[in-house]
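Laboratory data are not the source of any read-out in this text; all were calculated from the coordinates shown. These numbers come from a predicted model, not from an experiment. Because the Cβ atoms are built from the backbone with ideal geometry, glycine has one as well, and the counts that use them run over all protein chains shown.
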Amino acid sequence: MRQYLNLNNLILFTTGLALMLWGFWTVYRTRQYLFGGSIFLIGFGNILFGATNGFTDQTPWGRFFFKTALFSYLFGFLTFVYTMRRTIGLF
């Protein structure tokens, strides 16, 4: 898997890293495990999204990262919606 770095990859990676740090900080400081975990998973999926250049890498590792990131996005988003509904009554 040979990838060339471009601005899109760097932006997605740094956004994912920021989301993972925010999720970790939320779990550590405020003990909101579901919300922090969902933000962490969305950030992890974002890092994999940037690593595969927007899921266009068709190598075996690229397809594995796609499946892992898709699960991470789906589970993180569903958990995020659940916490928003339970805590502040959204949706």
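Overall, the chain carries a charge dipole of about 220 debye about its Cα centre when +1 sits on the Cβ of Lys and Arg and -1 on the Cβ of Asp and Glu, all other atoms neutral. Converting phi to 3J(HN,Hα) with the Karplus coefficients 6.51, -1.76 and 1.60 and the offset θ = phi - 60°, the range 52-61 yields 9, 6, x, 6, 9, 6, 9, 6, x, 5 Hz in sequence order, with x at every glycine or proline. Extending 7 Å from Cα along the Cβ direction at TYR82 and again at TRP22 yields two label points whose distance is 2.1 nm.
Candidates PHE55, LEU74, ASN8 compared by Cα position along the dipole of the chain: farthest toward the positive end lies LEU74, with charges placed on Cβ. For the chain, the convex hull drawn through the C-alpha positions has a volume of 91 cubic angstrom per residue. Axis of helix 33-51 versus longest Cα principal axis of the chain: the two differ by about 10°, to the nearest ten degrees.
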